[in-house]
Amino acid sequence: MDERVLNHGYPGLSIIADHATSSNQIRWLISVFGGVIVCKIAYELTGIISPLVFKGFNKLDNKQKLEWKNRGFSTFHALFAAIGSVYLLVFTNLFDEQAKEELIVNRSSAASDTLLGMSIGYFFSDLAMIIWTYPTLGGVEYLLHHGLSLFAIIQSLISGQVQFYILMVLFTEITTPFVNLRWYLDVAGMKNSTLYLLNGIAMFIGWLVARVILFVYFFYHMFTHFDQVKYVFYPMGYYTLLTVPPALAMMNLFWFWKIAKGMIKTLTKLRKQS
């Protein structure tokens, strides 16, 4: 076996140094700062547009208005991250095994770096709001989720490694708009509407596909490409790849169980009423 495979620590700093060029560092900073600015703009626009489409917005209390606008920029990030991830994973040859000889775990580009940087800006912004208003916007599970996400994305950005797997995880944000719409409809008093039911079904299917089945493929890909995973020379990145995804998968399964219980309860209630 190649000695480099066993000694992750030796070339770790050189891997980071090679990727963290001055131009890349400037791009990262601009991307992260841009992500924060975009979150701020989306937050303010949500506060401006919401009263125009929902007349009851001005009657909400301050905590509800805060969460309403917070969910506005989380929805924007979710769509941006999911679309960007699909584009990089599917519609470019960045991670096409037949197109390049370079190991998948070592592939990155200016576009993927920018996407990760803007996502870091989002997670920083949302985490700061969660901490500042704790526990209004979420409890310990949200702190853990955002903390693990930041920890993994930052390492991938500065090392340029395992971005294939990070983008797969970022795609799971596609379920966030359904979760947010469910909250919006609940607050708007539309919990018994057809839209609420249809959104609940879509959220269940979306969660099953994006956060359960996709993670099964994630671990299958890691297992079948473990000869490449061993070449993740940045030591903390290597062990993060082995530990953080399973932790996120367990959280996703827990939330999926709650979503499934809620949908079964709603469908049972509707059946009895009919």
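Observations
- GNM flexibility winner over the chain from TRP257, TRP207, TRP28 (Cα, springs under 10 Å): TRP257
- When +1 charges are put on Lys and Arg Cβ atoms and -1 charges on Asp and Glu Cβ atoms, the dipole computed for the chain relative to its Cα centre reaches about 1620 debye.
- Think of segment 3-273 as having a plus end and a minus end, set by charges on the Cβ of Lys, Arg, Asp and Glu; of VAL140, PHE76, GLY200, GLY200 sits farthest toward the positive end of this dipole.
- With a threshold of 27 Å on the Cα-Cα distance, the over-threshold entries among LYS55/LYS272; LYS100/LYS230; LYS191/LYS261; LYS65/LYS258 are LYS55/LYS272.
- Only Cα sites of segment 3-273 enter the Debye sum here, all with the same form factor; the resulting log10 I(q)/I(0) across q = 0.07, 0.13, 0.15 1/Å is -0.28, -0.91, -1.16, listed in q order.
- Comparing SER125, SER149, SER22 in a Gaussian network model of the chain, where Cα atoms under 10 Å apart are tied by springs, the biggest mean-square fluctuation is seen for SER22.
- In whole angstrom, segment 91-241 maps to an equivalent ellipsoid with semi-axes of 32, 20, 13, each derived as √(5λ) from the alpha carbon gyration tensor and ordered largest first.
- Ignoring lysines fewer than eight residues from LYS59 along the same chain, the ones with Cα atoms less than 17 angstrom from its Cα are LYS69.
- Degrees between helix 140-159 axis and first principal axis of the chain (Cα, 0 to 90, nearest 10): 30
- In terms of surrounding Cβ atoms within a 10 Å radius of their Cβ, ILE15, ILE154 rank from fewest to most as ILE154, ILE15.
- Neighbour net charge for LEU60 - beta-carbon separation under 13 angstrom, K R +1, D E -1: +3
- Net charge of Cβ neighbours under 14 Å - reference GLY84; Lys, Arg +1; Asp, Glu -1: -2
- Computed from Cα atoms, the angle from the helix 22-53 axis to the main principal axis of the chain rounds to 10 degrees.
- Judged by the mean number of other Cβ atoms found within 10 Å, the most tightly packed of the peptides 161-167, 85-91, 171-177, 229-235 leads the ranking 161-167, 171-177, 229-235, 85-91.
- For segment 63-151, alpha-carbon Rg and Dmax in angstrom: 16.2, 52
- Acute angle (nearest 10 degrees) that the helix 62-90 long axis makes with the longest principal axis of the chain, alpha-carbon atoms: 40
- Using a Gaussian network model of the chain in which every pair of alpha carbons under 10 angstrom is joined by a spring, one finds that among LEU94, LEU116, LEU157 the greatest mean-square fluctuation is at LEU94.
Every number here is computed from the coordinates shown, using simple stated rules; none is lab data. Keep in mind it's a predicted model, so treat the numbers as computed, not measured. Every residue, glycine among them, receives a Cβ derived from its backbone with ideal geometry; neighbour counts consider all protein chains shown.
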